[in-house]
Structures are given as structure tokens and as C-alpha cells.
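Okay, structure first, notes after.
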Amino acid sequence: MNGTPGEALDSWLPAPGSDLYYAHLYAPTGDKRALLTIASLRQAIAGIPASCSAPTIALPKLAWWRDELGQLARGTPRHVITRGLINLDPALPAAGLALVEGVENMLGAPHFSTLAARRAAFVSAHGPLWECALRRCLPPESGVSSEVLALAGVVEEIAALRDARPQLECQMALLTDETIAAATRKAGTLPVAAGDWYAAVLGEDLAALQAELGRALSGLEGRAKLRPLATLARLNLTLVSEILRSGCRVWETRTDLTPLRKLWLAWRERFSL
């Protein structure tokens with residue numbers, strides 16, 4: 001779980017071609033390596049359900065990270081990522097623990113009742129690590145606003161929904177009764193086939209997230225300083241458009257943007273185009 005003792009942190013950081021790599025490519029800070037390391041921790045924990053076939057497999061992995069974050073708090077981390085975070089920010093162990101607990105709470109849970117309830121859960125889980133990262137992009141006296149953390153929550157919801165099938169198969173709570181009802185009203189009767197059912201429901205879901213992401217990104221204050229989040233939001237806004245255009249077949253396939261397109265979008269965000 002924790003790699004070899006001499007393993008380089010670079011092998012765990014977001015690789016070229018990934019969304020997180022391009023989101024941090026033009027980070028407005030000399031502390032890009034710290035930002036990438038925090039992003040790697042967030043990805044390692046949040047990605048557990050998608051890599052497991054059942055909660056009984058995911059929960060021990062989350063428990064390992066719970067223990068590892070305790071080791072980080074005591075200054076004795078074992079994992080390559082947490083060794084890279086030592087002495088970086090005293091808030092990081094608690095922030096990572098919030099994500100562990102948030103993911104645990106969503107495993108084996110029922111549908112969320114509303115989009116707002118799911119947003120609150122994602123902000124509660126992911127917000128603390130995002131706050132640790134974004135504070136490094138802002139002047140020392142500045143705080144990270146609730147509006148910025150809400151935007152981060154939307155980005156994380158989309159990241160979860162693009163990998164809906166493996167996470168749902170791990171019994172992760174992702175769907176909302178609100179969007180299931182909206183899809184039913186629109187279709188009259190939802191299809192029986194799994195691919196068609198999820199295309200209808202997640203089509204409603206992602207369309208709502210697309211609208212919310214567009215509003216939040218266009219109104220983002222201090223956007224240049226918050227470029228890692230703003231770039232990731234721009235990438236996700238384009239990605240959702242592609243998913244919706246292709247019929248929202250996320251149950252059968254994983255849609256992604258090409259590395260060249262991601263680079264172009266990151267460059268445009270860098271120059272505010």
C-alpha cells in the first residue's frame with residue numbers, strides 16, 4: 001500500500017495526460033509540487049471505491065489511510081505521498097481524514113434525496129483538502145470562500161459521475177432521488193436496460209451540474225490565483241459537454257478529452273481566453 005522505501009514521489013504525482021496534471025500546469029505559484037502532492041492524496045483516497053468491487057474491499061483500504069493520516073499527524077508517515085506532505089501544513093491530516101470519513105459515509109448508503117444534499121456531502125468530504133491546497137495559491141491573509149469550496153464540490157461530483165459504473169457497483173451513494181424523478185417525468189417511463197436507464201438519469205444529473213459549474217466558474221473571484229481549480233473546472237465543463245453530446249453512455253464507456261485538448265484548455269485558462 002505504501003510503496004517501496006526509496007520510491008520517488010514523482011511516480012505518484014499526476015502524470016502528463018491526466019486532468020490533474022494540466023490543472024496544475026500553469027499554477028500561479030512556485031509551490032506547484034506541494035499542490036500536486038495534495039491533489040495526489042485526494043485522488044488516492046477518493047479513487048478507492050472505483051477500484052473496488054464491494055464496500056468490504058474498499059473499507060479496509062480507507063481504514064489504512066485513516067491510520068496513515070494519524071501517522072502523518074505524528075510526523076511518522078509511511079506512504080510516499082504522505083512523506084511528501086510532512087511539515088507542509090498542520091491541517092492536512094484532519095483534512096485527509098475528512099475525505100476518508102466522507103467516502104466511508106457514502107459507501108453502502110441510499111440515494112441522496114436532492115442535488116443540494118449530495119453537494120453538501122461532497123463539499124464536506126473534499127472541501128478541507130481543497131482548502132489546504134488553495135490557501136497556498138492565495139495571499140497569507142486571504143481565506144478560501146464557501147463559494148470556491150462549492151465549486152470544488154461540483155468538480156468532484158463530476159469526477160465521481162464520469163466513473164459512475166465502478167463506483168455504483170461498489171455501492172457508492174451517487175444518484176439523487178431528485179434527478180431520478182426528473183428523468184422519469186421527462187421520459188414518462190424509464191428504460192429497463194441498465195445502459196439506457198443510467199443514460200437517462202445521469203443525463204439529467206450531468207446537465208444540472210453543467211449549468212451549476214458554468215455559473216460558478218464564470219462568477220469565480222480571484223480566478224487567476226485559483227487557477228488549479230479554475231482549470232480543472234474548465235476541463236470538466238468541456239468534458240460534460242462531450243458526455244452529454246455522446247448520449248451520456250457513462251455506464252458502457254468512459255469519455256475523456258485528448259491530452260492536446262486538455263493542454264489547449266489549460267493554456268486558454270492561463271491567459272483568461
(message) Being at pLDDT 95 or above and surrounded by fewer than 21 Cβ atoms within 10 Å (Cβ to Cβ) is true for just one of 129, 149. Which residue is that?
(response) 149
(message) Here's a check for you: in the stretch 70-104, which residue that is among the small types (Gly, Ala, Ser) and not in a helix (DSSP H, G or I) is farthest from the chain's Cα centre (by Cα)?
(response) 75
(request) Give the number of residues within the stretch 228-273 that are aromatic (Phe, Trp, Tyr), at pLDDT below 95 and more than 18 Å from residue 159 (Cβ to Cβ). (result) 1
(message) If I ask for residues that are touching a residue at least 24 places away in the same chain (Cβ under 8 Å), in a loop (DSSP other than H, G, I, E, B) and of a type in the set (Gly, Ala, Ser), which ones from the stretch 230-271 would you list?
(response) 247
(message) Here's a check for you: in the stretch 154-172, which residue that is of a type in the set (D, E, K, R) and more than 15 Å from the chain's Cα centre (by Cα) is farthest from residue 210 (Cα to Cα)?
(response) 169
(request) Would you check which residues across the stretch 48-72 are small (Gly, Ala, Ser) and buried (at least 17 other Cβ atoms within 10 Å of the Cβ) and list them? (result) 50, 58
(message) Can you go through 91, 117, 109 and tell me which one is modelled with pLDDT under 95, surrounded by fewer than 17 Cβ atoms within 10 Å (Cβ to Cβ) and of a type in the set (A, V, I, L, M, F, W, C)?
(response) 109
(message) For the stretch 123-211, give me every one of the helices (runs of 4 or more DSSP H) that falls completely inside it and has 3 or more residues that are under 20 Å from residue 92 (Cβ atoms) and in contact with a helix residue (DSSP H, G or I) (Cβ under 9 Å, 6 or more places away or on another chain).
(response) 146-162
(request) Hey, could you check the stretch 105-120 for residues that are among the polar types (S, T, N, Q) and assigned to a loop (DSSP other than H, G, I, E, B) and say which is farthest from residue 136 (Cα to Cα)? (result) 113
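The values are calculated or read from the model by the stated rules, or taken from the named source; none is laboratory data. Computed from a predicted model, the values in this text were never measured in an experiment. Using ideal geometry, Cβ is built from the backbone for each residue, glycine included, and neighbour counts are taken over all protein chains shown.
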